[in-house]
Amino acid sequence: MQPATPVFIVTSTRPRVGKTLVARALIECLCFQRRPVAAFDVNPDEFSLLDRLPAYTAAASIRDTNGEMALFDQLIAPDQVAKVVDLGHTLFDQFFAVLRQIGLTGEARRRAIYPLVLFVADADDRARQGYAMLRDRFPELPLAPVFNENIPRLADWREKFPLTFHGVGSLTIPALTPVLRSVIDRPGFSFVGYAMKTTDPTTELYGWMRKVFVPLREMESRLLLDELLLELKRTG
């Protein structure tokens, strides 16, 4: 098998659900593993991810054909560089329409590129409908719901986002206290930088990072294992 190139698409059909926070944590989790990573901020109104992690992030547009080609050409490059896409809610339908049109899932598999959609869930029906659309139209695309505990009444609507048949599971983002939020919102703050400097692994922030970073790494491991088993079935 070719060396794997993971592509993480972090998205939602709703604004202000913690999507960029998930993308930030994912990028820094990959950096913490000393892995190469390239991120793309696909948001037409603001580039929060680019502002937070400019060393790893490029602004991307899919508003015209040239922009679409430039982004998707990079996403299907089998270069063993992990890709992270922070996809804004206003471009959700367009992005996945292009993805379906070009048949990215089939092309990705041939190139040992393994996409995973991290869909940040929400109580609004538009989120449930967007998740259901992905599950129904892209049955071969690994899809994982992300549950942000900062969103109210999580227990009331969590079951509306069932797991797909892929074994990647789901991700829960622990609630951020006002103090933690003020820390990670500071300009120039880095999760990796904090982890490298702290000498106390019992701090609240270190505990929050552990609860996010470890499941993210396990999720990718399950994704790659599933793809390996599928490849063995096809070739065996």
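The values are calculated or read from the model by the stated rules, or taken from the named source; none is laboratory data. Keep in mind that what you see is a predicted model, and the values were worked out from it rather than measured. A quick note on method: Cβ atoms are made from the backbone with ideal geometry, for glycine too, and the neighbour counts reach across all protein chains shown. For accessibility, only protein heavy atoms count, side chains too; no ligands or nucleic acids. Shrake-Rupley method; radii C 1.70, N 1.55, O 1.52, S 1.80 Å.
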Only one of (1) farther than 26 Å from PRO145 by Cβ; (2) surrounded by 13 or more Cβ atoms within 10 Å (Cβ to Cβ) is not met by GLU220, so which one is it?
(1)
Kindly indicate the residue of region 195-214 that is more than 16 Å from LEU26 (Cβ to Cβ), of a type outside the set (A, V, I, L, M) and part of a helix (DSSP H, G or I) and also most open to solvent (accessible area, probe 1.4 Å) among those meeting that condition.
LYS197
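State the number of residues belonging to region 117-160 that are aromatic (Phe, Trp, Tyr) and either open to solvent by 20 Å² or more (accessible area, probe 1.4 Å) or more than 16 Å from the chain's Cα centre (by Cα) (or both). Talk me through it step by step, then tell me what you get.
Step one: filter region 117-160 for residues aromatic (Phe, Trp, Tyr), giving 119, 131, 138, 147, 157.
Imposing the further condition that a residue be either open to solvent by 20 Å² or more (accessible area, probe 1.4 Å) or more than 16 Å from the chain's Cα centre (by Cα) (or both) reduces the set to 138, 157.
Of the residues in region 117-160, 2 are aromatic (Phe, Trp, Tyr) and either open to solvent by 20 Å² or more (accessible area, probe 1.4 Å) or more than 16 Å from the chain's Cα centre (by Cα) (or both).
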Given the condition open to solvent by less than 70 Å² (accessible area, probe 1.4 Å), at pLDDT 95 or above, of a type in the set (Val, Ile, Thr) and in a helix (DSSP H, G or I), answer yes or no: does some residue in region 2-21 qualify?
yes
Could you run through region 49-65 and say how many residues are part of a helix (DSSP H, G or I), of a type in the set (A, V, I, L, M) and more than 14 Å from PHE191 (Cβ to Cβ)?
1
Which is without any contact (Cβ under 8 Å) to a residue 60 or more places away in the chain and touching a strand residue (DSSP E or B) at 6+ places or on another chain (Cβ under 7 Å), of LEU99, LEU75, LEU50?
LEU50
How many residues does region 22-38 contain that are within 14 Å of TYR56 (Cα to Cα), touching a strand residue (DSSP E or B) at 6+ places or on another chain (Cβ under 6 Å) and open to solvent by less than 10 Å² (accessible area, probe 1.4 Å)?
4
VAL168 versus (1) touching a residue at least 12 places away in the same chain (Cβ under 8 Å); (2) among the aliphatic types (A, V, I, L, M); (3) open to solvent by 20 Å² or more (accessible area, probe 1.4 Å): which is the lone unmet condition?
(3)
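Listed here are the residues, each with its yes/no results for (1) among the acidic types (Asp, Glu); (2) at pLDDT 95 or above.
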residue: ALA25; (1), (2): no, yes
residue: ASP45; (1), (2): yes, no
residue: MET69; (1), (2): no, no
residue: ASP86; (1), (2): yes, yes
residue: ARG100; (1), (2): no, no
residue: LEU104; (1), (2): no, no
residue: GLU107; (1), (2): yes, no
ARG186 within 18 Å of ALA25 (Cα to Cα), touching a residue at least 60 places away in the same chain (Cβ under 8 Å) and either basic (Lys, Arg) or open to solvent by 40 Å² or more (accessible area, probe 1.4 Å) (or both):
no
Inter-residue pairs, beta-carbon under 6 Å, first assigned to a helix (DSSP H, G or I) and in region 215-226, second exposed (fewer than 15 other Cβ atoms within 10 Å of the Cβ), 6+ apart
ARG222/GLY167; ASP226/GLY167
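Yes or no, residue by residue, for (1) crowded, with 20+ Cβ neighbours inside 10 Å; (2) not charged (D, E, K, R):
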residue: PHE40; (1), (2): yes, yes
residue: GLU46; (1), (2): no, no
residue: LEU49; (1), (2): yes, yes
residue: LEU53; (1), (2): yes, yes
residue: ALA58; (1), (2): no, yes
residue: ILE76; (1), (2): no, yes
residue: ASP86; (1), (2): yes, no
